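J.: Handing you this structure, nothing more for now.
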Amino acid sequence: MHFAIVLLLLAAGAQILAVVLPRFRRWLGWGMPVLAVVAAVVVRVTQSYGDILLQTVGSSQVLQEHGAWGVRAALGGIILAVLSVLHWVATSPWGRSRWAGRWPGWVGTTLGVLAAAAAVWAIVAVTLAGHSGATAVWGS
């Protein structure tokens, strides 16, 4: 489960850097959208296993909160992955030559801002999911 957390945080941080620093975006290349998609899949699978575990263990208010933040983190990961792929298509030489060559320049900027916002949301959601999970295990 911790792998999913680390992967989503890594993808979110890399996406923010890719938006803010074009040189970092070029350095990462197609690795950025691939990382975001893999993170989204891993977080979603982890969230599904968490739902199964919740049915097995039973429910409490803290576990319900942890599960709710897990759902939000998974949704944030999916949104981040979609926006990361679209941002890469709009800003990469490959994407511009094949798909986005006729898109107005503001589309890439808008997708970058939305991808960065999704990254921030994913960071918040996974952090609060982790906090509520630690509270469930270790108490307040």
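The values are calculated or read from the model by the stated rules, or taken from the named source; none is laboratory data. The structure displayed is predicted, hence computed values, not measured ones. Heads up, the Cβs are rebuilt from the backbone with ideal geometry, glycines too, and the neighbour counts pull from every protein chain shown. Note: accessible area is taken over every heavy atom of the protein model, side chains too, but ligands, DNA and RNA are not part of it. Shrake-Rupley method; radii C 1.70, N 1.55, O 1.52, S 1.80 Å.
J.: Is any helix in the chain, taking whole DSSP H runs, at least 30 angstrom long along its axis by alpha carbon and on average at least 0.0 on the Kyte-Doolittle scale, and which ones?
T.: Working: long enough: 31-57 (38 Å, 1.33); 61-91 (44 Å, 1.02); 105-138 (50 Å, 1.40).
Taking the DSSP H segments of the chain (at least 30 Å long, mean hydropathy at least 0.0), we get 31-57, 61-91, 105-138.
J.: Could you work out the relative contact order of segment 1-111? I mean the mean sequence separation of Cα pairs under 8 Å and 6+ apart, divided by the number of residues, in percent. Don't skip to the answer; put the middle values down first.
T.: Values: 88 pairs, mean separation 30.6, N = 111.
The value is 28 percent.
J.: Using a 1.4 Å probe on the protein chains only, how many percent of the accessible area of the chain belongs to carbon and sulfur?
T.: With neighbouring chains kept in place, the figure for the chain is 72 percent.
J.: Using the 2.2 N^0.38 Å rule of thumb for compact globular proteins, work out how segment 6-85 stacks up: its C-alpha Rg over that value, please.
T.: Numbers: Rg = 14.9 Å, N = 80, 2.2 N^0.38 = 11.6 Å.
Ratio of Rg to 2.2 N^0.38 Å for segment 6-85: 1.28.
J.: Once Rg and Dmax of the Cα atoms in Å is worked out from the coordinates, which option in (1) 16.7, 55; (2) 14.2, 45; (3) 17.7, 52 does it equal?
T.: Here the calculated entry is (1).
J.: Going toward the positive end of the dipole of the chain, with +1 on Lys and Arg Cβ and -1 on Asp and Glu Cβ, which of 7, 89, 35 do you reach last?
T.: Ranked along the dipole, the leading option is 89.
J.: Taking a probe of 1.4 Å, how large is the accessible area per residue of the chain, in Å²?
T.: Numbers: 8300 Å² over 140 residues.
I get 59 Å² per residue for the chain.
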